[in-house]
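Inspection log for the structure reproduced underneath, given as structure tokens.
Coordinate-derived values only; no laboratory data. Predicted model, so just to flag it, every value in this text is computed and none were measured. Cβ: placed from backbone, ideal geometry, glycine included. Neighbour counts: every protein chain shown.
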Amino acid sequence: MESMNKPQKNADFTPLPFTLIVVAAGTGTRIGGEIPKQYQRINGKTLLRHTLDRALKLPGLRDIRVVINADHSDPYHDAVHGLNLPPPIIGGNSRKESVYNGIKSITEAGPKDVILIHDAARPFLDTESILALVHKAHESGAATLAVPVADTVARDNNESLDHIVDRSGLWAIQTPQAFHYDLIKRAHDQFQTTDHFTDDTGLVAALGQTVHIVPGTRQNFKITTADDMTMAKALLSQPMETRTGFGFDVHALTAPGAGSGLIHLGGVAIPHNRSLIGHSDADVGLHALTDAILSTIAAGDIGTHFPPSDPQWKGADSTIFLKKSVDLIHEKNGVITLLDLTFLCEEPKIGPHREAMQGCIHRVTGVAKHRISIKATTTEKLGFTGRGEGIAAQAIATVQFPAEDI
């Protein structure tokens, strides 16, 4: 791009504030498969989640907007489960429209606040490059990451070489691209009906504004084809270890006709003439699951984190406990791959409520429903469960973590 200045060598930079727009509204058809590329999984996490996990650790990040396709609400919320993000922005019919929607959603930005625009399909964010990019944008108003073109470049003529293009001075433009808010907003306002721009540097340069280059890394490539995805999988792959945790819990039942008239099991309130006795809602299933998850990181049990002696947990919804255990897993970059829950009881019947339980556990943990197994057995009238005096539950959690020592 002729209006771009040549880059200066990176230096050490103090983080400066910026807002990040992550564009994830595409359909990803060129990569193949039924699932859009940003929701395809690598090492148990979607491509979008890999990008966001790195983005949220960037020094200076003040706010973030994720722009998604209106038809992708379910896979998006599954992908970002457990992240503290503002509601997603619905994109348009083109990348340009989607970016514009993201810009318009930022209502409290000052004219010279820096906005970074980044493709969700570039998960290999480099902190040093972005610190330099943000500094250049604060200073000049417009900057982009780019790398020099290294390969020989030629024009084609019916699938044969026509002539070699001089690659000196050629740069491959990447994202993030960074701009003062008033500049990028004005560029999109002015070129709303113009569709030939391929990225935001083109819009800004068309205003006569110089866009500065900040050297990026070749690892910051955009995943577009199946070959790109194969390369990304190789780069994102790391030794993983699988840990398995076990949890067990039991609660007594009230006498018939006593209690609240509900039994809480697996996050579902089941009408019944008896109730489980406990400090919280006595959801024996979620308690067993919580303990199983905690055991994969040797983090004690449910009572360690939520003591029954603490009055604030009186009658508490046990999904709170389960979510806490999942948050602790995410802090250690763990991925829950299976939850297996077994109830030991004579009644109520679990089968009619299995799907609702799976739905509740999925919403709390983010684990796909087909990875949540729920079943029940009786003890053939033997023991306290067989006599109807209480309900027991046992659970197994399988979690993958980056290997600490292989």
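Using per-residue counts of other Cβ atoms within 10 Å, averaged over each peptide, order 46-54, 196-204 from highest down.
Those peptides, ordered most packed to least, come out 46-54, 196-204.
Under 8 Å for C-alpha pairs, at least 6 residues apart: give me the relative contact order for the chain, rounded to a whole percent.
With pairs under 8 Å counted, the relative contact order is 16 percent.
If you place +1 on the Cβ of every Lys and Arg and -1 on the Cβ of every Asp and Glu, how big does the dipole about the Cα centre of the range 144-288 come out, in debye to the nearest 20?
Dipole of the range 144-288, to the nearest 20 debye: 460 debye.
Could you tell me how many cubic angstrom of Cα convex hull volume the range 85-138 has per residue?
Given the Cα convex hull of the range 85-138, per-residue volume reads 110 Å³.
Between Leu56 and Asp195, what FRET efficiency comes out of the Förster formula 1/(1 + (r/R0)^6) with R0 = 35 Å and r the beta carbon distance, rounded to 0.05?
0.60
Once the Cα gyration tensor of the range 4-236 is found, what semi-axes does its equivalent ellipsoid get, as square roots of 5 times the eigenvalues, in whole Å, sorted largest first?
25, 24, 19
What is the gain in length, in nm to one decimal, between Asp78 and Leu161 on full extension, counting 0.36 nm per residue of separation less the C-alpha to C-alpha distance?
Stretched out fully, the Asp78 to Leu161 stretch lengthens by 25.3 nm.
Could you give me the ³J(HN,Hα) list for the range 133-148, computed from phi with Karplus coefficients 6.51, -1.76, 1.60 and θ = phi - 60°, whole Hz, x at Gly and Pro?
Taking θ as phi minus 60°, the curve returns 4, 4, 4, 5, 5, 4, 6, 10, x, 7, 7, 9, 6, 7, 10, x Hz for the range 133-148.
For the chain, build the charge dipole from Cβ charges (+1 Lys, Arg; -1 Asp, Glu) around the Cα centre, then report which of Val66, Leu20, Gly390 sits farthest towards its positive end.
Selected residue: Gly390.
Where does each of 113-126, 343-356, 156-169, 58-71 land if you order them by average Cβ count within 10 Å, highest first?
For the peptides 113-126, 343-356, 156-169, 58-71, the packing ranking is 113-126, 58-71, 343-356, 156-169.
Which one of Pro307, Ala403, Phe321 has its Cα pushed farthest toward the positive end of the charge dipole of the range 294-406, where Lys and Arg give +1 and Asp and Glu give -1 at the Cβ?
Selected residue: Phe321.
Using just the helices of the chain, give the 222 nm mean residue ellipticity in deg cm²/dmol: DSSP H runs with n ≥ 4 each add -39,500 (n - 2.57), and the total is spread over all residues, rounded to 500.
So the calculated ellipticity at 222 nm is -8000 deg cm²/dmol.
Work out the FRET efficiency for Asn273 and Lys324 from their Cβ-Cβ distance, taking R0 = 30 Å, and round it to the nearest 0.05.
After rounding to 0.05, the efficiency reads 0.40.
Running a GNM on the chain with Cα contacts under 10 Å, which residue among Thr377, Thr365, Thr304 ends up with the highest mean-square fluctuation?
Thr304
Order of 367-375, 282-290 by packing, highest average Cβ count within 10 Å first?
Result, highest mean first: 282-290, 367-375.
May I ask you to list the lysines whose Cα is less than 16 Å away from that of Lys381, ignoring any residue fewer than eight positions away on the same chain?
Output for Lys381: Lys349.
Pop the C-beta distance of Lys349 and Thr27 into the FRET formula with R0 = 45 Å and round what comes out to the nearest 0.05.
0.55
Could you list log10 I(q)/I(0) for the chain at q = 0.07, 0.09, 0.12, 0.14 Å⁻¹, which the Debye formula gives when each Cα is one point scatterer?
Result of the Debye calculation: -0.45, -0.67, -0.97, -1.17.
Between the range 310-361 and the range 162-223, what is the C-alpha centre distance in whole Å?
Cα centroid to Cα centroid, the span is 47 Å.
Here are some pairs, Lys233/Lys324; Lys222/Lys369; Lys96/Lys222; Lys37/Lys222; Lys45/Lys324; Lys96/Lys185; which of them have Cα atoms lying more than 23 Å apart in this structure?
Check vs 23 Å cut-off fails for Lys233/Lys324; Lys222/Lys369.
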